[in-house]
Amino acid sequence: AKASGRNAFRFFSPSMTAEVSERLLLENQLRLALAQQQFYLELQPKYHIASRRLNGFEALLRWRQPDGSLVSPARFIPVAEDSGVITELGLWVLEQACRTATEWVRHGRQLTIAVNVSARQLTHGDFCAEVARVLRDSGLPPALLELEVTEGTLIDYSGPVRQQLAGIKALGVRLAVDDFGTGYSSLAYLKNFAPDTVKIDRSFVSGLQHNRDNAAIVSAIITLARNLDMESLAEGVETEAELAALQALGCDTVQGYLTGRPLAVNDALALCRLQAAA
Ligand code: C2E
Ligand code: CA
Ligand code: CA
Ligand code: CA
């Protein structure tokens, strides 16, 4: 049904109502899940390639339903965004993430925590003020927080969004552009947004050692990032061959199943302490 062209008629079909009611059900479940604390975070490590040292973690949201089943973020995040539940849910993620990273600081580890932010959070209310409050409440140094914004979000890089991002930057919080290369943003957006980190999407990283097109794209992004004084991070690195190719191209940091899957909060803390001892 989604494939219907610009001038095509949209006919009612039973599968459409099934889709709509499934989303409504999910939306109600999301609100309940937040109240009943069915969400938790997993933390995926990020490593500096040259030094092989732990650089920080990305917080990834997980939803376990009462029957024990996990719902994938790919399924519930879009519903949370469309329904507006993401503003509340995203704030919860931010609070948990900042508290966790403050715990690392107490153990003597200055590691960044990256948190995903949806477009909706930047256009609703005063997100910058919320970030400032969460930093104050948790006691986390602002430079240890990095907010990841997808390239798609930058399409609406106008008035309010621009203001929010500038305010966040002024707090001393880091910004990252997520899934870089997959959206429709232009290089002018990248220049204006001026993120601290460019996260190269997994679709370009995958098999780059034997895919000339991917290698060319990744190489161009790394060079661009370096010349704009931004850190380059390759996402979804799964093999040693990919890592070697990235290192040869001068990529700064990596994140992926090869160097570490998303971890439970306690396991992430254990990894922090292990690295501190090394
Ligand atoms: P993302 O921000 O691009 O996060 C990276 C995704 O890639 C994560 O999936 C991660 O588990 C997965 N990944 C990491 N390394 C590898 C790898 O080597 N191979 C493969 N195949 N996958 C890898 P996840 O956790 O399912 O999250 C999916 C998306 O959901 C995220 O993509 C992000 O857009 C969104 N998301 C997750 N947590 C949050 C959140 O707290 N807030 C918002 N707004 N979105 C979130
Ligand atoms: Ca991300
Ligand atoms: Ca990403
Ligand atoms: Ca993604």
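The values are calculated or read from the model by the stated rules, or taken from the named source; none is laboratory data. Remember, it's a predicted structure, so these values are computed and weren't measured experimentally. No Cβ is skipped: glycine too gets one built from the backbone with ideal geometry, and neighbour counts run over all protein chains shown. Areas reflect the complete protein model, heavy atoms only, side chains present, ligands, DNA and RNA absent. Shrake-Rupley method; radii C 1.70, N 1.55, O 1.52, S 1.80 Å.
Some notes on this structure:
- Subset of segment 219-278 (residues that are open to solvent by 30 Å² or more (accessible area, probe 1.4 Å) and either within 15 Å of VAL198 (Cβ to Cβ) or among the aromatic types (Phe, Trp, Tyr) (or both)): SER219, ALA220, THR223, LEU224, ARG226, ASN227, LEU228, ASP229, GLU231, LEU249, ASP252, TYR257
- Of all residues in segment 148-163 being more than 15 Å from ligand 1 (Cβ to nearest atom) and not β-branched (Val, Ile, Thr), the one that is least open to solvent (accessible area, probe 1.4 Å): TYR157
- Within segment 35-53, considering residues that are within 16 Å of ligand 1 (Cβ to nearest atom) and more than 17 Å from LEU246 (Cβ to Cβ), the one surrounded by the most Cβ atoms within 10 Å (Cβ to Cβ): LEU43
- Residue among GLY90, GLY68, GLY56, GLY84 that alone is at positive phi, within 16 Å of ligand 2 (Cβ to nearest atom) and out of contact with any Phe, Trp or Tyr (no Cβ under 6 Å at 6 or more places or on another chain): GLY56
- Summed over segment 134-172, the residues that are assigned to a helix (DSSP H, G or I) and of a type in the set (Asp, Glu) give a count of 3.
- Considering the conditions (1) modelled with pLDDT of 85 or more; (2) within 16 Å of ligand 4 (Cβ to nearest atom), LEU154 is excluded by exactly one of them, (1).
- All positions within segment 108-131 that are open to solvent by 30 Å² or more (accessible area, probe 1.4 Å) and either closer than 25 Å to LEU190 by Cα or part of a helix (DSSP H, G or I) (or both): ASN116, ALA119, ARG120, THR123, HIS124, GLY125, ASP126, ALA129, GLU130
- The set of residues in segment 73-91 being charged (D, E, K, R) and within 16 Å of ligand 3 (Cβ to nearest atom) consists of GLU81 alone.
- Out of LEU246, LEU269, one residue alone is part of a helix (DSSP H, G or I), away from ligand 1 (no atom under 16 Å from the Cβ) and at pLDDT 95 or above. It is LEU269.
- Condition check for ARG64: more than 29 Å from ALA276 (Cβ to Cβ) and either within 12 Å of ligand 1 (Cβ to nearest atom) or open to solvent by 60 Å² or more (accessible area, probe 1.4 Å) (or both): yes
- Within segment 187-207, being modelled with pLDDT of 95 or more and of a type in the set (A, V, I, L, M) holds for VAL198, ILE200, VAL205.
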